[in-house]
Amino acid sequence: MKSVIVGTAGHIDHGKTALVKALTGIDADRLEEEKRRGITIDIGFAHLELPTRDGEALRLGFVDVPGHERFVRNMLAGVGGIDLVLLVVASDEGIKPQTREHFDICRLLSVRHGITVLTKADLVDAETLEVVRLEVEDFLRGSFLDTQKTPIIAVSSLTGAGIEDLKKNLVNVASGIPARDSRGLTRLPVDRVFSMKGFGTVVTGTLISGSVRREDELEVFPRGERVRVRGVQVHGTATDQAVAGQRTALNLAGLPMEQLSRGVTLARPGTFHVATRLDVELTVLPSAKALKDRVRVHFHAHTSETIAKVLLHGNKQISAGETAFGQLVLAEPILLLPGDRFIIRQFSPVVTVGGGVVLDAFPMAKIKPEVRNQFLTVAAGGDPEQILIRRVARRFLAGISLHSAVAETGWRSDAIEKYLRCPLVRGEVIRVGDLLVSPEAISALSQLLSETVARFQEQNPLSPGINRETLREKLGIGPEIFAAALDMLVGEKKLEISRDFVRQPGQGVVMKDEESESKRSIEEAFASAGLKVPTLKDVLAGLKVDKVRAQKIVTLLLRDKVLVKISEDLLFHKDALFDLRQRMVEQKAKSARIDVAHFKDLLGVTRKYAIPLLEYLDREHVTRRVGDERIIL
Ligand SMILES: Nc1nc2c(ncn2[C@@H]2O[C@H](COP(=O)(O)OP(=O)(O)OP(=O)(O)O)[C@@H](O)[C@H]2O)c(=O)[nH]1
Ligand SMILES: [Mg+2]
């Protein structure tokens, strides 16, 4: 069954509550004080089911708002979730200040559907009614309620005249309203909290997106408490599930009533983050004064309200009737997402001065103004592909995870995957493990990597390259993106990796003359010594190069496996060790067992060499120690 939320709007005493009652039979004024004073103070609710022309049922949930200028903030808490507005104008009074203010609010909130109702038609003659109708027509011209698009209907809630006609028109207009996205990510801005005997805490609100089921766990924003849904009601009837677009009441477990209030939002745990800075597109009403930079305003979005400071990024003001980008710094955090509408009201005296749409609830702190403006222009354009490309690009080297992209956009992850399909194919976004990164970031990183490696090799000509992890830490880059850029450079043969060393290709080690000479003498010293090797200290002492360089040359010889270190102070030439292995093979033909004494005799070495060499052979699985003997394997 399709659900549509209908809100009333209009000046005090113009007959909004009486109209809702005439339509639904329900008195939305529920407070004792409202009944006593005969005015609406807070939002009230009612509902009605009507058959559509194709025989299906249409469920209308009504949010009746107060017209009194002092209660506009309550009106704002109710109007946030509506799909259709009934703009109420009393035939005997015509357009009044809150007719204008409520209508402005509806426009700023981008309410797209509605019907204008002239109430109290019974109080005026036909001629007066016609005059009011003309006045109202004029007032609505060019707006979403232009009479070219939607009718003006005269009714009397007292006699019932015109009510059936209004119902027919409600069905017509409601049929043209697209259903809200029940597959979207759940958000329920709470407009009422109360306690019911035998039930405990109950919250109500218009479910603006997604669905809620019994036993669901939800997070309460902004503070992050968790609650469990004990029961779900839609329009007073218990049900298993409420879906987007329905007036929803939830019986909650896990949090006392006192910790909940109008303005909190319920959503799936761990999905979203609250925002305190919003990049927005802001419109100042033609009837308002110019909005100055750094001014403080009352901020209203969905059911929440707080104080906000307006930042205009270097502009002094937004003039009346103008629209511009700006940033709002909220006094308290609120869960808001791009596309959410808001209203701002002057700090004092409190009147509505403008409103707009959230473009980004996670603005980057340090960003060039032109980059921010480019981003906001794309965000305002509303093309999801382009928006995602920009959201990825602005994170530059940090990239953005799918999870963060969901939190930033409010789009489901599968929708994001779909939007990204083409950008990924076109290479406008690159997926690196769990992260999405821009090609610009990857190529900038590649450039940085190449330069860093080149500089390192210039400064450390004898080193086999810079250690991979050292390089990453030096640049302060996340492991996944680092690996991707490195792989790319290796693939393009701009860098090479040997074990853990990153270096420029063909740039292994560049040696100066005396260094290569020293390298040769070290190698020769060990090669000619066979197994009776000299100490390293003695070899190095006779070289032309200084100790540090000499040590580096030895490290190189060890890396290239020309020399092999078999114990703390014994190095052997690889050929000598190869010979040793040969000798052991020959020995095995005679006897598979050999003891230390025999080994010493066989190779003509002292115990000082024999023990480390045997241990080396054990490690290499050439021999295995059994008691005092070795078995040659
Ligand atoms: N004669 C006549 N009186 C009406 C009609 N509609 C409302 N009234 C009377 O007008 C007065 C105000 O009506 P409400 O429905 O309370 O007005 P409202 O717009 O809800 O007022 P607020 O919520 O305080 O802004 C009440 O005394 C109603 O009985 C109508 O169609 N004809
Ligand atoms: Mg009322």
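Looking only at the stretch 388-408, decide whether some residue is touching a helix residue (DSSP H, G or I) at 6+ places or on another chain (Cβ under 8 Å) and hydroxyl-bearing (Ser, Thr, Tyr).
Scanning the stretch 388-408 turns up no residue that is touching a helix residue (DSSP H, G or I) at 6+ places or on another chain (Cβ under 8 Å) and hydroxyl-bearing (Ser, Thr, Tyr).
Give just the number: which of (1) over 25 Å from Ser209 (Cα atoms); (2) within 16 Å of ligand 2 (Cβ to nearest atom); (3) outside any helix (DSSP H, G or I) does Ile82 not satisfy?
Looking at each condition in turn, Ile82 falls short on (1).
Give the stretch 1-25 a look and list any residue that's away from ligand 2 (no atom under 12 Å from the Cβ), crowded, with 16+ Cβ neighbours inside 10 Å and more than 25 Å from Ala179 (Cα to Cα), or say none.
If the condition is that a residue be away from ligand 2 (no atom under 12 Å from the Cβ), crowded, with 16+ Cβ neighbours inside 10 Å and more than 25 Å from Ala179 (Cα to Cα), then Ala22 is the only one that fits.
Looking at the stretch 228-247 only, could you name the residues that are outside any loop (DSSP other than H, G, I, E, B) and closer than 30 Å to Leu328 by Cα? Explain how you work it out, then say what you get.
Within the stretch 228-247, the first condition is being outside any loop (DSSP other than H, G, I, E, B), and the residues that meet it are 228-234, 237-239, 241-243, 247.
Matches in the stretch 228-247: Arg247 only.
On the basis of being crowded, with 16+ Cβ neighbours inside 10 Å, at pLDDT 95 or above and either among the charged types (D, E, K, R) or closer than 23 Å to Met75 by Cα (or both), does Arg213 make the cut?
no
Inspect the stretch 162-171 for any residue being of a type in the set (D, E, K, R), in contact (Cβ under 8 Å) with a residue 24 or more places away in the chain, assigned to a strand (DSSP E or B) and away from ligand 2 (no atom under 16 Å from the Cβ) and give the result as yes or no. Full working, then the answer.
Filtering the stretch 162-171 for residues of a type in the set (D, E, K, R) gives 164-165, 167-168.
Retained after the next criterion (residues that are in contact (Cβ under 8 Å) with a residue 24 or more places away in the chain): 167.
Retained after the next criterion (residues that are assigned to a strand (DSSP E or B)): none.
Checked the stretch 162-171: no residue is of a type in the set (D, E, K, R), in contact (Cβ under 8 Å) with a residue 24 or more places away in the chain, assigned to a strand (DSSP E or B) and away from ligand 2 (no atom under 16 Å from the Cβ).
Taking the stretch 56-70, which residues are away from ligand 1 (no atom under 12 Å from the Cβ) and either over 16 Å from Val20 (Cα atoms) or open to solvent by 10 Å² or more (accessible area, probe 1.4 Å) (or both)?
Result: Glu56, Ala57, Leu58, Arg59.
Considering each of Ala244, Ala275, Ala238 in turn, give the residue that is crowded, with 20+ Cβ neighbours inside 10 Å and within 25 Å of Ile43 (Cα to Cα). Lay out the reasoning, then the answer.
Values: Ala275 fails: within 25 Å of Ile43 (Cα to Cα); Ala238 fails: crowded, with 20+ Cβ neighbours inside 10 Å.
Ala244 is the lone residue from the list that is crowded, with 20+ Cβ neighbours inside 10 Å and within 25 Å of Ile43 (Cα to Cα).
Checking the condition in a strand (DSSP E or B) and near ligand 1 (Cβ under 10 Å from one of its atoms), which residue from Thr8, Thr40 passes?
Thr8
In the stretch 114-128, which residue that is away from ligand 2 (no atom under 16 Å from the Cβ) and surrounded by 18 or more Cβ atoms within 10 Å (Cβ to Cβ) is nearest to Leu76 (Cα to Cα)? I'd like the intermediate steps shown before the answer.
We begin by selecting, within the stretch 114-128, every residue away from ligand 2 (no atom under 16 Å from the Cβ); these are 114-116, 118, 121-128.
Still in the running and surrounded by 18 or more Cβ atoms within 10 Å (Cβ to Cβ): 114-116, 118, 121, 124.
Working: Gly114: 17, Ile115: 19, Thr116: 19, Leu118: 22, Ala121: 28, Val124: 31 Å.
Going through the qualifying residues, I end up with Gly114.
Hey, among the residues in the stretch 341-378 that are modelled with pLDDT of 95 or more and within 15 Å of the chain's Cα centre (by Cα), which one's farthest from Thr323 (Cα to Cα)?
The extreme case among them is Ala361.
List pairs: first in the stretch 51-73 and on the phi > 0 side of the Ramachandran plot, second small (Gly, Ala, Ser), Cβ under 8 Å, 6+ apart or cross-chain?
none
Among the listed residues Val89, Val111, Val65, identify the single one that is hydrophobic (A, V, I, L, M, F, W, C), in contact with a His (Cβ under 8 Å, 6 or more places away or on another chain) and more than 10 Å from ligand 2 (Cβ to nearest atom). Walk me through it before giving the result.
Details: Val111 fails: in contact with a His (Cβ under 8 Å, 6 or more places away or on another chain); Val65 fails: more than 10 Å from ligand 2 (Cβ to nearest atom).
Step by step, each of Val89, Val111, Val65 is checked, and only Val89 is hydrophobic (A, V, I, L, M, F, W, C), in contact with a His (Cβ under 8 Å, 6 or more places away or on another chain) and more than 10 Å from ligand 2 (Cβ to nearest atom).
Mind telling me which of the residues Val548, Val539, Val490 ends up being without any contact (Cβ under 8 Å) to a residue 24 or more places away in the chain and either surrounded by 19 or more Cβ atoms within 10 Å (Cβ to Cβ) or among the aromatic types (Phe, Trp, Tyr) (or both)? So that I can check it myself, show each step before the final result.
Details: Val548 fails: either surrounded by 19 or more Cβ atoms within 10 Å (Cβ to Cβ) or among the aromatic types (Phe, Trp, Tyr) (or both); Val490 fails: either surrounded by 19 or more Cβ atoms within 10 Å (Cβ to Cβ) or among the aromatic types (Phe, Trp, Tyr) (or both).
On inspection, the qualifying residue turns out to be Val539.
The values are calculated or read from the model by the stated rules, or taken from the named source; none is laboratory data. These figures come from a predicted structure and were not determined experimentally. Using ideal geometry, Cβ is built from the backbone for each residue, glycine included, and neighbour counts are taken over all protein chains shown. We work out accessible area using only protein heavy atoms, side chains counted, and drop any ligands, DNA or RNA first. Shrake-Rupley method; radii C 1.70, N 1.55, O 1.52, S 1.80 Å.
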